[in-house]
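Asks: Dropping a structure here in structure tokens format, bear with me for questions.
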Amino acid sequence: MTQTPASQEIVTPHLRTPVAGSGPRFNVELVAWVTTAGIAALWRIPHLGALPPAPGEALRAASAWHFGRGTVDGHWTGELSAALAAIALRLDGNALGWARFPSAAAGVLAVLLLALFRPYAGRATPLIAALLLATSPIAVAASRTTGPDSLALVCGLLITWLVLRITERGNRSNLMSLGAVAGVALGTGAVAVAVALLAALWAVVEVVWMRRTDAATRWAQVLHDRRAWRAALLLALPGLALAVVRYGAGPDRAALAALRDWSRTFPGESLPWHAPLSLLLWYEPLSLVLGLAGTGALLIVAYRCGASALSPFERLLLMQAAGGLVLSMMVLHQRAGLLLT
């Protein structure tokens with residue numbers, strides 16, 4: 001008996017039209033992040049040794065070269081970036097590009113770390129911030145030197161993220177991770193200290209001024225957990241010990257690189273007070289305009305509806321914007337990389 005078309009459709013269901021959306025999906029956001037990371041790498045890593053070093057960087061590079069061969073001179077700063085530069089120079093002789101590579105890689109990592117804030121800021125805001133940081137002339141310049149600012153920014157972003165996670169979610173593991181990152185951060189630079197102070201100030205404002213009982217409860221639970229405190233201190237010890245002994249050069253009155261870099265930014269003004277604004281106007285006009293517009297919009301909402309109308313992350317952005325501006329005007333006496341605050 002001959003089968004009808006209808007019966008054929010029943011007998012061979014695999015010939016039916018496939019359901020829409022059953023195939024693999026194209027993740028546009030992932031492609032955007034990979035593209036942004038690629039842009040950051042292309043702006044930072046190629047031809048690292050093409051430009052000659054400035055006098056200060058030349059001294060740092062020479063000191064790292066000597067340190068990699070077992071000699072400590074008077075210009076050894078005892079920072080993590082200098083230690084990594086010494087390792088790189090030890091591996092590849094006299095190549096200045098290798099000495100700058102740890103800082104360049106840290107600059108790319110800082111761009112990627114902004115993805116950690118997606119649960120609190122949404123998808124668009126961290127991606128736009130990452131694109132601005134990837135193409136920022138000041139951030140690129142800081143990444144293409146042997147200075148400490150790129151690594152310090154990485155530590156500052158991690159500390160801010162962990163403080164945000166403790167405030168919003170609690171969890172003892174976040175405190176332990178915070179201890180480990182803080183130990184490493186003390187061996188970097190002033191940017192890590194400034195960003196960490198602003199994050200801590202935001203947490204205090206959330207608990208005390210905003211009177212958020214949920215945040216106060218989470219911090220109380222974490223801070224009263226003795227096991228978490230012990231684990232955090234133990235995890236902080238390796239980075240702290242390396243910073244104290246200046247990564248093998250020996251202690252210098254227990255001076256930590258990040259705190260020493262912070263203290264050196266205050267005495268003696270080598271740049272005029274308007275230098276931060278001038279640098280932003282000349283090199284970062286888009287970031288400056290977007291930052292002022294976003295900050296102004298948040299301030300208007302806070303003025304009309306109260307600070308409680310803003311989300312915790314929006315209040316964190318206001319704290320970072322206002323505090324970063326004040327600190328930049330106060331501490332920008334050594335180098336433009338401090339504007340990463």
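The values are calculated or read from the model by the stated rules, or taken from the named source; none is laboratory data. Nothing here was measured: the structure is a model prediction, and the numbers come from that model. Cβ placement follows ideal geometry from the backbone for every residue including glycine, while neighbour counts extend to all protein chains displayed. Only protein heavy atoms, including side chains, enter the accessible area calculation; ligands, DNA and RNA are left aside. Shrake-Rupley method; radii C 1.70, N 1.55, O 1.52, S 1.80 Å.
Asks: Determine ³J(HN,Hα), in whole Hz, for all residues of segment 180-193 in sequence, where each value follows from phi through the Karplus function 6.51 cos²θ - 1.76 cosθ + 1.60 and θ = phi - 60°; x replaces Gly and Pro.
Replies: Result, rounded to whole Hz: 5, 5, 5, x, 5, 4, 5, x, 10, x, 5, 4, 5, 5.
Asks: In addition: Which net charge results when you count Lys and Arg as +1 and Asp and Glu as -1 among the other residues whose beta-carbon is under 12 Å from that of Val108? Walk me through the numbers on the way to the answer.
Replies: On the way: positive: Arg44, Arg144; negative: none.
Around Val108, the charge tally is +2.
Asks: With every protein chain kept in place and ligands, DNA and RNA left out, what is the accessible area per residue of the chain? Probe 1.4 Å, answer in Å². Please report the intermediate quantities before stating the final value.
Replies: On the way: 18270 Å² over 341 residues.
It amounts to 54 Å² per residue over the chain.
Asks: Select from Leu30, Leu279, Leu201 the residue whose mean-square fluctuation is largest in a Gaussian network model of the chain (Cα-Cα springs shorter than 10 Å).
Replies: For the chain, modelled as a Gaussian network with Cα springs under 10 Å, the answer is Leu30.
Asks: Just to confirm the filter: which trypsin sites (Lys or Arg not before Pro) across segment 39-81 are DSSP coil and have at most 15 other Cβ within 10 angstrom of their Cβ?
Replies: Values: sites: Arg44, Arg60, Arg69; in loops: Arg69.
Passing both the DSSP loop test and the Cβ count: Arg69.
Asks: So, one more: When the chain is treated as a GNM, springs tying every alpha-carbon pair under 10 Å, which of Pro285, Pro126, Pro148 comes out with the largest mean-square fluctuation?
Replies: Comparing Pro285, Pro126, Pro148 in the GNM, the peak value goes to Pro285.
Asks: Can you give the relative contact order of the chain as a percent, counting alpha carbon pairs under 8 Å and 6+ residues apart? Intermediate results must be reported in sequence, preceding the final value.
Replies: Working: 474 pairs, mean separation 57.7, N = 341.
Here the relative contact order equals 17 percent.
Asks: Per 0.36 nm of contour for each residue apart, how much would the distance between Val28 and Trp282 grow if the chain were fully extended, relative to their Cα-Cα spacing? Working shown, then result.
Replies: Values: separation 254, 0.36 × 254 = 91.44 nm, distance 3.30 nm.
Full extension of this stretch gives 88.1 nm more.
Asks: Continuing with this model, one more query. Keeping all protein chains in position, work out how much accessible area Thr77 exposes to a 1.4 Å probe, and write it in Å² to the nearest 10.
Replies: Accessible surface of Thr77 is approximately 30 Å².
Asks: Roughly to the nearest percent, how much of the accessible area of the chain is carbon and sulfur, given a 1.4 Å probe?
Replies: Details: 12650 of 18270 Å².
Looking at the chain in its full context, I get 69 percent from C and S.
Asks: What nm value, rounded to one decimal, do you get for the distance between Asp252 and His224 when each label is placed 7 Å out toward the C-beta?
Replies: Here the modelled spin labels are 4.4 nm apart.
Asks: I would also like to ask the following. Which of Cys155, Val191, Pro238 sits closest to the plus end of the dipole of segment 154-238, meaning its Cα is farthest towards the positive end, when Lys and Arg get +1 and Asp and Glu get -1 on the C-beta?
Replies: Comparing the listed Cα positions along the dipole, Pro238 ranks first.
Asks: Going through segment 174-268, which trypsin sites (Lys or Arg not before Pro) have at most 16 other Cβ atoms within 10 Å and a DSSP loop state? Kindly include the intermediate steps, with their values, before the conclusion.
Replies: Details: sites: Arg211, Arg212, Arg218, Arg226, Arg227, Arg230, Arg246, Arg253, Arg260, Arg264; in loops: Arg211, Arg212, Arg253, Arg264.
Of the trypsin sites (Lys or Arg not before Pro), the ones in loops of segment 174-268 whose Cβ has at most 16 other Cβ atoms within 10 Å are Arg211, Arg253, Arg264.
Asks: I'd like the Karplus ³J(HN,Hα) series for segment 227-233: coefficients 6.51, -1.76, 1.60, θ = phi - 60°, whole numbers in Hz, and an x wherever there's a Gly or Pro.
Replies: So the Karplus estimates, Gly and Pro as x, are 5, 5, 5, 4, 5, 5, 5 Hz.
Asks: To the nearest 10 square angstrom, what accessible area does Glu314 show with a 1.4 Å probe?
Replies: 60 Å²
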